[in-house]
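Step one of this worksheet: look at the structure below.
The values are calculated or read from the model by the stated rules, or taken from the named source; none is laboratory data. These figures come from a predicted structure and were not determined experimentally. Glycine also receives a Cβ, built like all others from the backbone with ideal geometry; neighbour counts cover every protein chain displayed. Just the protein is used for accessible areas: all its heavy atoms, side chains included, with ligands, DNA and RNA removed. Shrake-Rupley method; radii C 1.70, N 1.55, O 1.52, S 1.80 Å.
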Amino acid sequence: MTSIAQRQELQNKIWKIANDVRGSVDGWDFKQFVLGTLFYRFISENFTNYIEGGDKSVNYANYPDKDIAAEIKDDAIKTKGYFIYPSQLFVNVAKTANINPNLNTELKAIFDAIESSANGYPSEPDIKGLFADFDTTSTRLGNTVEAKNSRLASVLKGVEELNFGNFEDNHIDLFGDAYEFLISNYAANAGKSGGEFFTPQHVSKLIAKLAMHKQEKVNKIYDPAAGSGSLLLQAKKHFDNHIIEEGFYGQEVNHTTYNLARMNMFLHNINYDKFNIALGNTLIDPHFGDEKPFDAIVSNPPYSIKWIGDDDPTLINDDRFAPAGVLAPKSKADFAFVLHALYYLSSKGRAAIVCFPGIFYRGGAEQRIRKYLVDNNFVESVISLAPNLFYGTSISVTILVLSKHKIENRTQFIDASGEDFFKKETNNNVLNNNHIEKIMEIFDSKEDKDHVSKSIANSKIAENDYNLSVSSYVEAKDNREKVDIISLNQTISESVNKINGLQTNIDALIKKITDSSSFNKSLEGVPVEWQNLDEVTSVLRGRRLTRELLSNSEQYPVFHGGLEPLGYYSSFNRPANSVMIINVGASAGTVGYSSVDFWSSDGCYSIEHSDKLISKFLYYFLIGEQHFLKSRVRKAGIPTLDAFVIEKIQIPIPYPEDKEKSLEFQKELVQNLDTFSELTAELTAELTAELTAREKQYEYYRNFLLTFPKNYIES
C-alpha cells in the first residue's frame, strides 16, 4: 500500500472512531479524548522504539517496571524529555481496557506520571500539562465510572487498531498527518470556534514558502499566534530539517490549543529540545525576547480581536510599538500583531502574516501604522487570496510579507484571488501545488503582470493615503463577454420573426384540433373501451446488468433510474419506440419514451409492445397520469413504485371492435400531439434564446451608458 493510500485509510478510520465514540458529547470538545489517545499511543511507541534501539531481541513492553535501572530512566529523560514504564505503555493499557474497572483513574495516574517524570529536567516546561485536556474523570465521558470506562475503552481500542506502518519505513509522519487531519475536520465542523486557530495545510505551505524564500538556512522559525502549530510544522514538512538550525518557537494564548501545539510537535518527531511553545498573551506578555531576532516568522493571528491598546499608556513606549508612534485600535488588534512580528524579525529574514483585508485601507491609527511600514520600506508584498480558503470564514484574506532587507523603495501587490489561483471543492476552496508555485513565481520575479501583479513606488502609495489594498493597484480583469451589438440586434430581430411564425403555426393547429367541423367533431362519436393496462400489454421489470446480457455485439443505450441513456452496452432488452417508467429513487413515477433500441435496467419498467396500442399514444396518455404515479410511490427506505400500480391504470382503446381503425385513430392523435409538442419545444427554445439575447443587449447598453474612465495608481 502506498503512503498516500495508507494515509487515506488511516484518516478514514480515525474520523470513524471520533464519530463512533463521541455520542452526545459535542464533537469539538470530545476531540481532546481522541487526539489525546492518539498522542498517548505515539509517545509510547516512540519511547519504546528509542529504548529498544532496533534490537529485535528486546521487548520493552514485557519488562517488569522494577527491572528498570535508575540510570536508564535518567538517560532517557535527558534524551526524550520524559519516561514511560512498561506497564504504562499504551499497548499494555489498551490490552485490558475493556475489562479494567479502574481504567479512568489508572489512565490519569499514568498521564500524571509521564508529565512528572520530567520534573527537574530541562524538558519540564515542554512536558508539563500535556495531558491537561485529557480529563479521564470528566463527566463529559459519562455520569458513572462504568460509562466513563466504556467510552475510554472504545477510544483506546479504536486507536489500537490503526495501522501506522513501521517507524523504520519512515511512516512516522502518518501520526502527525492523521493528527492534523482530525484537527482540521473538527475545525471544519466547528465553525469559527474551531477554524479560527487552524490554518489549512495548503495555506500554511504558501505562508512557509514566503517566509523562507531563498533562505538557504534560518536560525529559527517563530509564530506569535501559534494555534495548533500547523504553520510551524509546514516549515519542517516542506524544507530540509538542517536549514532550521535552532528550532521552532511559538506563543499561544488558548491553553487547550497550546497543548495541541506541543503535542503536534512531538507527533511530527520534533524533540523537546528543538521546539519552545509558550503559553500567554503575545501582545501584553510576549515571550522569546531573548531569542529574537528570527529569520522566519509565520502567523495567522485572530482577525480584529479586542486588546487593551491605549488603555495601557505604557504600551506606547514598548519597543515593538513605539517606532510607529501609535497603537493599533483597541477594537482591532491586527496591526499590533504585525508590529510585534516586525520587531522580532531579523535583518535578513521575512515575515508572512495572514491579515484581515480591512486593515489595508481603513483610516485613523491603522493608516498611521501603514505609513510607518511604507516609509521605512518594510512591506515587500501584499497578496490577496481567494475567498473561502479557511474554516469558519468565507472572506478573502490577505498575506502581508514583511522584510528588512529590501533594496528598492517599491511594494509588490499580487491579486491571487482569481480562478487561476484556487480550486473549488465541496465546502472550501483550496490551493494545490500548482497554485502555490504560480504565486511564488510571481512573488520571486517582482514583474508586473496584467490583472495579477504590480510593483508600486512607495512615493505613489504615500500619495494614495498609504492605502495597501491590492485592488487599488491591480486592475481586475474584465471577464465580461465582448458583444457584437450589430450582430446581436440582428439575431434578436430574426428570433422575433421566427417566434411570430411559430405562434401562428400553433394557433392554426389549435384551430384544427378544436374546430367543430374537423377533428373535434369526430371525437364526439368515437366508441371507447377502458381497460386495465395489464389487459392490453405487459409491464416488464428491467434486468440487472450481467455479463450474459452483454454478449450481443450490437450497441444499445442503457437507461438506469433515469430517462436519459447513461451509456451504451452490447445487449438487448426492449425494441425501439418503447414506453418506460422509472420505478426507484427520487424520480420514481416519471414516464419516458425511447425512440431507439434500449436496455432497461432494474431502475426502470418498460411497457411491452401491443397490437392494440401505439406506444407513443400510450406515452402521451401516461404523461397525464404522472401525478397519480408519483403519489403512489412508497416512501419507506428508497422511494419505489410497484408494477401493480401501473398495471391497474385504465387505458382508453378507441374503436375497440376495429383494430385497424383504432390504430389509425391513435396514429392521427399522435401526429397532432407530436406536431404540437415539436412546435411548443421550438417556441420555448426560441423564447429562451431571445431572453438570453435581450439580457446581453440590456447589459451592453447599460455598460455603454455607464462607462467612465477608471484611475488606477501608476507605478
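For LYS330, a cut-off of 25 angstrom between C-alpha atoms picks up these lysines, skipping any fewer than 8 places away in its own chain: LYS192, LYS306, LYS371.
For LYS449, the aspartates and glutamates whose Cα falls under 12 Å of its own Cα, not counting residues fewer than eight places away in the same chain, are ASP415, GLU441, GLU475. With a 1.4 Å probe and all protein chains left in place, how much of the accessible area of the stretch 204-282 comes from carbon and sulfur atoms, in whole percent? The value for the stretch 204-282 is 42 percent carbon and sulfur by accessible area. Among the lysines of the stretch 628-669, pairs that are 8 or more positions apart or on different chains and have alpha carbons within less than 30 Å of each other number 7.
What GluC sites (Glu not before Pro) does the stretch 371-451 have in DSSP loop regions with at most 15 other beta carbons within 10 Å?
Working: sites: GLU380, GLU408, GLU419, GLU425, GLU437, GLU441, GLU447; in loops: GLU408, GLU425, GLU447.
Within the stretch 371-451, the qualifying GluC sites (Glu not before Pro) (loop, at most 15 other Cβ atoms within 10 Å) are GLU408, GLU425, GLU447.
Per-residue accessible area (protein heavy atoms, 1.4 Å probe) orders SER228, SER304, SER471 as SER471, SER304, SER228, starting from the largest. Among TYR620, TYR361, TYR344, the sequence by solvent-accessible area, most first, with a 1.4 Å probe is TYR361, TYR620, TYR344.
Could you list, in their original order, any pairs among LYS205/LYS460; LYS16/LYS220; LYS404/LYS424; LYS56/LYS78 whose Cα atoms are separated by more than 26 Å?
Working: LYS205/LYS460 32 Å; LYS16/LYS220 37 Å; LYS404/LYS424 36 Å; LYS56/LYS78 24 Å.
Distance filter (> 26 Å) returns LYS205/LYS460; LYS16/LYS220; LYS404/LYS424.
What ³J(HN,Hα) values, in whole Hz, does the Karplus curve 6.51 cos²θ - 1.76 cosθ + 1.60 give for the stretch 13-18 when θ = phi - 60°, with x put for Gly and Pro? In residue order, the calculated couplings are 5, 5, 5, 5, 4, 4 Hz. Close amide H pairs (under 5 Å, H built 1.01 Å from N) link GLN531 with ILE651, ILE653, residues at least 5 positions away or on another chain.
Given the pairs LYS128/LYS157; LYS108/LYS236; LYS128/LYS332, which span a C-alpha to C-alpha distance of over 30 angstrom in this model? Cα-Cα > 30 Å for LYS108/LYS236; LYS128/LYS332; rest within. 3J(HN,Hα) along the stretch 276-293, derived from phi through the Karplus expression 6.51 cos²θ - 1.76 cosθ + 1.60 where θ = phi - 60°, amounts to 8, 9, 9, 9, x, 7, 4, 6, 10, 9, x, 9, 6, x, 7, 8, 5, x Hz, with x in place of Gly and Pro.
To the nearest 0.05, what FRET efficiency results for ASP135 and TRP15 with a Förster distance of 22 Å applied to their C-beta separation? Walk me through the numbers on the way to the answer.
Details: r = 23 Å, r/R0 = 1.03.
Computed FRET efficiency for ASP135 and TRP15 comes out at 0.45.
Rounded, prolate or oblate, given the Cα gyration tensor of the stretch 262-417, with a/c below 1.5 counting as rounded? In terms of gyration-tensor shape, rounded.
Each Lys and Arg contributes +1 and each Asp and Glu -1, all at the Cβ; summed about the Cα centre of the stretch 295-415, the dipole is approximately 180 debye.
The simple spin-label model puts a point 7 Å past each Cα toward its Cβ; for HIS451 and LYS498 those points are separated by 3.1 nm.
What's the carbon and sulfur percent of the stretch 390-486's accessible surface, probe 1.4 angstrom, rounded to a whole number? Before the final figure, lay out each step's value.
Values: 2190 of 5300 Å².
Accessible surface attributable to carbon and sulfur in the stretch 390-486 totals 41 percent.
Using the Cβ-Cβ distance between GLU441 and LYS217 with R0 = 22 Å, the FRET efficiency computed as 1/(1 + (r/R0)^6) comes to roughly 0.45. Here's the list of lysines a cross-link from LYS696 could span, going by alpha-carbon distance under 21 Å and ignoring same-chain residues fewer than 8 apart: LYS477, LYS482, LYS498.
State in Å² the accessible area per residue of the stretch 355-475; use a 1.4 Å probe, count heavy atoms of protein chains only, and round to the nearest integer.
On the way: 5310 Å² over 121 residues.
With all protein chains present, the stretch 355-475 gives 44 Å² per residue.
Net length available on complete extension from GLU475 to GLU291 is 62.0 nm, with 0.36 nm assigned per residue and the Cα-Cα distance removed. Measuring with a 1.4 angstrom probe and ignoring ligands and nucleic acids, CYS355 comes out at about 10 Å² accessible. Heavy-atom accessible surface of TRP307, to the nearest 10 Å², is about 30 Å², with a 1.4 Å probe and all protein chains retained.
Just the protein heavy atoms count here, and of the accessible area of the stretch 64-147 at 1.4 Å, carbon and sulfur take up 54 percent.
Quote the FRET efficiency, to the nearest 0.05, computed for LYS460 versus ILE316 with a Förster distance R0 of 25 Å and r equal to the Cβ-Cβ distance.
The pair LYS460/ILE316 has a calculated efficiency of 0.25.
In terms of accessible area, using a 1.4 Å probe and ignoring ligands and nucleic acids, TYR372, TYR701, TYR60 rank largest first as TYR701, TYR372, TYR60. Summary of the geometry: the stretch 89-165 and the stretch 653-673, compared by the centres of their Cα atoms, lie 81 Å apart. Restriction of the trypsin sites (Lys or Arg not before Pro) in the stretch 204-284 to DSSP coil positions whose beta-carbon has at most 11 other beta-carbons within 10 angstrom yields LYS214.
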